[in-house]
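K.L.:
First the structure, then my questions, so here it is.
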Amino acid sequence: MKATQISEHIWSLRTWMIIPITVWVVIEEDGVTLVDTGMSMMAKGILKFIKRLNAGPLKQIVLTHGHPDHVGALKSILNHDTVTVFAHSKEVPYLLGERSYREGKKPVAALINGGVQAFAEDDGGEIHAIGSLKPYFTPGHSPGHVVFYHVKDRVMLAGDLFSSKNGKLRKPLFTPNMKEVLDSSLVVGKLLPKRMEVCHGHSVFNPADQLSDYISEESKKHRTSVVSAGGSDKIQRRD
Ligand SMILES: [Zn+2]
Ligand SMILES: [Zn+2]
């Protein structure tokens with residue numbers, strides 16, 4: 001597993017299983033937050049890294065979503081450190097094994113009942129920050145997918161909202177609702193991160209610069225069209 005410091009407060013930990021699989025450790029004032037947990041065989045390496053980092057204990061785990069490659073090490077880490085796990089309320093039934101992402105497939109619990117807490121939201125649906133990370137609801141790849149934005153470092157931890165290749169935005173893998181993903185991708189134009197990290201790919205610098213090209217290319221494939229209104233923030237659908 002390879003550890004890389006990507007900004008003042010954020011480290012990425014990466015392994016390869018045909019594709020890269022990444023989790024992130026975010027340094028807070030009183031310890032660290034783990035963003036996603038990767039595959040089960042990453043548990044030991046993640047815990048060892050947090051100890052070696054010497055920035056305080058693991059305070060909490062936050063999840064972009066509950067796909068197996070993001071929650072595989074969850075049980076082992078929780079056996080070692082009893083911390084709260086946060087995810088979007090729409091993702092919770094999948095994490096608890098009450099629903100399956102794939103129709104007709106047996107649900108698998110990523111953790112035991114009651115072990116996950118939904119993000120707190122205000123009446124308008126805005127999700128409250130957890131430590132220095134602000135979650136943004138970005139459905140499409142999964143029903144309750146979120147990205148995390150670190151305001152001070154201007155880094156977006158985008159999970160599977162995108163993948164990337166050679167610094168270029170690419171669509172996420174195994175995505176049931178690509179139209180929704182394209183709508184969700186507008187968050188990049190709103191927040192203008194300096195650097196974006198994805199779970200399955202490499203860093204993308206100033207991703208907002210590529211956003212309209214990415215959306216128009218993907219929209220063509222998915223029969224949607226983009227109306228560029230002073231930038232890149234409107235999508236209109238034809239079908
Ligand atoms: Zn996924
Ligand atoms: Zn994934």
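K.L.:
Show the residue pairs meeting these rules: Cβ distance below 6 Å; 6+ apart or different chains; first residue within segment 122-151 and within 19 Å of PRO207 (Cα to Cα); second residue among the hydrophobic types (A, V, I, L, M, F, W, C) and assigned to a loop (DSSP other than H, G, I, E, B).
P.N.:
From residues that are within 19 Å of PRO207 (Cα to Cα), the pairs are PRO135/PHE119; THR138/LEU161; VAL147/ALA158; VAL147/LEU161.
K.L.:
Have a look at LEU157, LEU173 and point out the one that is surrounded by fewer than 18 Cβ atoms within 10 Å (Cβ to Cβ), under 16 Å from ASP36 (Cβ atoms) and within 16 Å of ligand 2 (Cβ to nearest atom).
P.N.:
Answer to the selection: LEU173.
K.L.:
Within segment 58-114, count every residue that is among the charged types (D, E, K, R), within 16 Å of ligand 1 (Cβ to nearest atom) and either surrounded by fewer than 23 Cβ atoms within 10 Å (Cβ to Cβ) or outside any loop (DSSP other than H, G, I, E, B) (or both).
P.N.:
Qualifying residue count for the region: 5.
Yes/no matrix, rows are residues, columns are (1) within 16 Å of ligand 1 (Cβ to nearest atom); (2) over 13 Å from THR22 (Cβ atoms); (3) touching a helix residue (DSSP H, G or I) at 6+ places or on another chain (Cβ under 8 Å); (4) part of a helix (DSSP H, G or I):
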position	(1), (2), (3), (4)
GLY159	yes, no, yes, no
THR175	yes, yes, yes, no
LYS179	no, yes, no, yes
CYS199	yes, no, yes, no
ASP213	no, yes, no, yes
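Readers should treat all values here as calculations from the given coordinates under stated rules, not as data from a laboratory. These numbers were taken from a predicted model, which means no experiment stands behind them. Counting neighbours? That spans all protein chains shown, and the Cβs are built from the backbone with ideal geometry, glycine included.
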